[in-house]
Amino acid sequence: MTVQAQRQDIVSKKGFSLQLPERHLPITLLLPSIIFIALVVGLPMLYSLYLSFTDYTLTSGSNFHFVGLENYKHLLFDDPMFWKVFGRTILFITLAVNLEFLLGLGIAQLMARAIRGQSLARTLMMMPMMFAPILVGLQFKWFFNAQVGLVNNILYTITGTAHLIPWLIEKNLGFISILVAEIWMSTPFMVIILEAGILSLPQEPFEAADIDGASGWQKFQLLTLPMLMPFVYTAMAIRSLDIARAYDVVSIMTGGGPANRTELIWTYVNRLAFTGQQFAMGSAMSYITVIFSFIFTYMLFQNVLKSRWAGEMGEL
Amino acid sequence: MSTKKSISRRDFLKLTGMAVLGSAAACTPAATEAPPAPAEPTTAPAVPEPTQAPAVIGKPFDGKTVRMHAITGGNYDELYKLIPKWEEQTGAKVEFVFKGNGFETDKRLVQDFAAGTVDYDVAWDHSSFFSQYVKADGLEPLDNYFSPEDLSDFIPRLVDAARRDDKLWVIPRHFDISCTHYRTDLGLSKAPETWDEFKAAALDITKNNPGIFGTQFAGKEEALSGRFYEVQTAEGGQLFDDKWEPTFNSPAGVKAATMFAELYAAGAMPPDMTNFLWEDVANQFVNGVIGVYTEWFGWYSYFQDPAASKVAGKFDIARQPMGDGGVHSGWAGHHGFSITKAAKEKEAAADLIKFLTSVEGNEMEAKLGILVSRQSVWDKLIKEAETSTDPLAKKRLELALLQAQEDFKTPPLIAEWLPMSNILYPVLQEIILGDVEPQKGLDDAATQVREMMSKAGYY
C-alpha cells in the first residue's frame, strides 16, 4: 500500500476527509502558524511602519498627522547624531565580529587538537553564554568601576599606585569596555561553530599534505581556512545581526553615555522613542536600520553561497 | 563534475527578508512593537471566603471592584496593607493590575494611555509625570471629587504642584526634596549657604582630605537635568520664559553648568560621576568618600544606620544653598494618586484615594520615614520628635517641612519635561567632561529644545 493510500485509508476509517490534493497539505498545515505570526509580528510591524510616516509621540493620543518622509529626511539629512551613532555601531560590529572570529578560531583549533579534557573545556567555554546579557553588563560595569572595580584594583596591585581610570567614561575607553564585554560574552559561540566545522573537515587532504611535507601554517592557510569558510561566514552573519541588536549590555554598562560617547543604534532608538517620546522618529530609525541590515545580510549570504559553490566545484 | 548551483534572487529575498524582519521584530525595542496590553494582575484579586457573611446593607460601594495601577518597592507597599480596612468599610474590592517601580510604572502608563488600553480606575502618579498623562487625555480632573475642605490639610505647595490648566489631577501622598548633607568630621564648620560657598567647600575638602571627593551629583538622565534645574533656579535662571522659549542658556544657567564642569575638572567629584544615579551617589556617601552634597531626605535612615554606613553620626543636614537669585534650591516632586478617564468606578476610586491619603495613611507612612503630605501629621511628628534620641530627628523634620512650605519647586508641569531632560542631560555631560564650553553647549541644547517645543505646538 502506498503512503497516499494508507493516509486515505486512515482518513476514511476516522470518518472524515480533508479532500485536499497532496500538494496543498503542507501549506494547509502551516496556515495557522502563518496567520498567528502575521498577527503578532506582521501587524505591529506594519503599524509601526505607518507610524514612522506620522508625527506621533507617546503623548499625542489620537492627535497625530501623516508627515510623509519627514522623519526619514530628518534622520538622514538633519540629525548628525544618527550618522555618528550609526557609524559607531558599524565600527562596533566590525571590531567585535572580527576579534571574536580570531579568538574563536584560535580557541577552536586548540580545542579540536586537545587529546584530553575536550568535554570539560567545551563546557567551560560555554559558560559566558549561560549568563543573561543584563548580568554580563552588571558584571563588567563592576569590573570597570573607577573606584572599586576589578581592573583598577589589579592595576593597583601590579603598580602599587592607585589608578582611578574611569573606564566607562573616557572617550575611547568606554567604547573599548563595552566591546570587551560583548566579546567575552559571545566568543564561545564562534568557538562552537568553528570547532564543529574543523571536526567535520575531511582528513584526506591533510594526509596528502603531510605526505607532501606541508608545514602546519601551510595546512592551515591552504586547507583548513578555505574549507572552513562556509562555517566562518555563517557564524559571522549570525553574530553580525546579533551584535547589530546590541542593547542590554550597553544599556546596563553606560546607557549609551556619557555625552553619547557609547551610544549605539538601539540605545539611541530607545532614548529617542521612549524617554524622548518621539515614537514616530524612533520607528523611522528602526526601519532605516532594518533596511541596512537587510542589505548587509544579503551581501553576507551571497558570500556564504559563493564559498560553498567554490568548495563544491573544487576551486579551493 | 558538479555544475554551479544557483538560488534565484526571489527565493533568496524571501528567505532573508523573513529572517531579517523576524529578527528585527524580536529585537526592536518596542519601536516596532504594538504597545503591550495591560499586565495580568501581579496580586491575585481578593476572593471572598465562602463562609463570609453577606455584605452589610448600606455599604457605599458594595460589590464594586476598583482596579489599581500602583508603585511598589521600598516602603511603598506598606500603605496597601490598609486597603482591607477600606474594603471592609465600603464593600468594594481592590484589584492590583500592575505593580512596578516609579519609572516602570510611568513607562507603562504612557504606553497604556497612548494605546488606549487603560482598564483601571486608580493610577499611581508623580508631579514630574502627570502632565504627560493629561496631554494624552488619560486622566480625570479631581475637582468634582475633592472639595476645598478635603484638601485643606495638605501642604499648599504640594497641591499647587498637582494642578495644571486650573484643574486638579493628583492627590499628593508624599513628597521628597533635597537638603545639603555635609560631613562634620572633615573640617567644615558650617553648611555652605550659597552655591559659591558650596563650590569652595568642595574644593577645600578635596584638597585637604586625600581620598575624599569634595562633592558629587547624580550624573545622568533626569537626575542630572533636575540638579542643574535647581542650581540655575537659585542663581536666578529659569528653564523657560513666559512664552515657553528656553532660557536655561542664560548667565545663570551658564554659571550653574560651569560650576559642575569646574568641580569635575578639579577632581572634586568622582571621575565616573556621569554614570551615577541615585543609589550610586547614596552608596558613595555611606562609603565615606564624599564631603558635601545635596541628597533627598528619603535616604536618611540608611545614612544613619551604623551597620550600613561609615558616616552614621558624622554628618549634618542643612537647607539647600541659595544663589545669585536670592532663592534656595528646591527641586522637588511628590507621589500621589490619580483617577483615569477610562475608570469605571470613579466615585469608589476617589473614596479609595481619600482613604489612602488620609491622616491614618499619612501617619502609617510617616513612621517609615516618608515625608507625607498633610500638615497636621507633620505637626504631630515634630512634637513627637522632641523626645527622640536621634540628634537630627527634630531638625530633619523641621527642615523638610520648611523646605516643603518655601522651597518646593517642581520642574515645569508640562508633558515635555522628560523629553527636554532627554536633550539636556547629554549636553550637561559634555560640559562636565570638558567636551564643550558651557555657553555653547547650553545654546545648542536650547536650540534643540526650542525645536522640540515647536513641534509640540507651543509656538
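Could you tell me which of the residues A:170, A:195 is among the charged types (D, E, K, R) and crowded, with 21+ Cβ neighbours inside 10 Å? Walk me through it before giving the result.
Details: A:170 fails: crowded, with 21+ Cβ neighbours inside 10 Å.
Criteria check complete, one pass: A:195.
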Among helices (runs of 4 or more DSSP H) entirely inside the range A:1-106, those with 3 or more residues being modelled with pLDDT of 90 or more are A:25-37, A:43-51, A:70-73
Given (1) within 14 Å of chain B (Cβ to nearest Cβ); (2) surrounded by fewer than 16 Cβ atoms within 10 Å (Cβ to Cβ), residue A:135 misses just (1)
What single numbered condition from (1) in a loop (DSSP other than H, G, I, E, B); (2) out of contact with any Pro (no Cβ under 6 Å at 6 or more places or on another chain) fails to hold for residue B:232? (1)
Considering each residue of the range B:325-338, count those that are over 18 Å from the mean Cα position of the chain (by Cα) and either surrounded by 24 or more Cβ atoms within 10 Å (Cβ to Cβ) or not in a loop (DSSP other than H, G, I, E, B) (or both), and give that number. 1
Take residue B:105 and decide whether it is within 27 Å of residue B:371 (Cα to Cα) and at pLDDT below 95. yes
I need the full set of residues from the range A:280-292 which are at the interface with chain B (Cβ under 7 Å from one of its Cβ atoms) and buried (at least 22 other Cβ atoms within 10 Å of the Cβ), in order please. A:282, A:283, A:286
Considering A:75, A:103, A:69, which residue is within 28 Å of the chain's Cα centre (by Cα) and either hydroxyl-bearing (Ser, Thr, Tyr) or away from every other protein chain (no Cβ under 14 Å) (or both)? A:103
When you go through A:140, A:175 one by one, which is the residue that is touching a Ser or Thr at 6+ places or on another chain (Cβ under 8 Å), closer than 20 Å to residue A:124 by Cα and in a helix (DSSP H, G or I)? A:140
How many residues, within the range B:339-376, are touching a strand residue (DSSP E or B) at 6+ places or on another chain (Cβ under 7 Å) and in a loop (DSSP other than H, G, I, E, B)? 5
Residue A:206 meets each of (1) modelled with pLDDT of 90 or more; (2) crowded, with 19+ Cβ neighbours inside 10 Å; (3) among the aromatic types (Phe, Trp, Tyr) with one exception, condition (2)
Within the range B:126-161, take every residue that is closer than 13 Å to residue B:350 by Cα and among the charged types (D, E, K, R) and give me the one that is surrounded by the most Cβ atoms within 10 Å (Cβ to Cβ). B:140
Residue hits (the range B:415-445; aliphatic (A, V, I, L, M) and more than 10 Å from every other protein chain (Cβ to nearest Cβ)) are B:424, B:442, B:445
Please determine whether any residue of the range B:242-261 is of a type in the set (Phe, Trp, Tyr), touching a helix residue (DSSP H, G or I) at 6+ places or on another chain (Cβ under 9 Å), assigned to a loop (DSSP other than H, G, I, E, B) and in contact (Cβ under 8 Å) with a residue 12 or more places away in the chain. yes
Among A:200, A:177, A:251, which is the only one that is away from chain B (no Cβ under 13 Å) and hydroxyl-bearing (Ser, Thr, Tyr)? A:200
Residue B:210 meets each of (1) in a loop (DSSP other than H, G, I, E, B); (2) in contact (Cβ under 8 Å) with a residue 12 or more places away in the chain; (3) farther than 24 Å from residue B:412 by Cα with one exception, condition (2)
Restricting the range A:258-270 to residues that are at the interface with chain B (Cβ under 7 Å from one of its Cβ atoms) and buried (at least 24 other Cβ atoms within 10 Å of the Cβ), the one nearest to the chain's Cα centre (by Cα) turns out to be A:266
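The values are calculated or read from the model by the stated rules, or taken from the named source; none is laboratory data. Predicted, not measured: the structure shown is a model, and the values here were computed from it. Cβ sites come from the backbone with ideal geometry, for glycine too, and all protein chains shown count toward neighbours.
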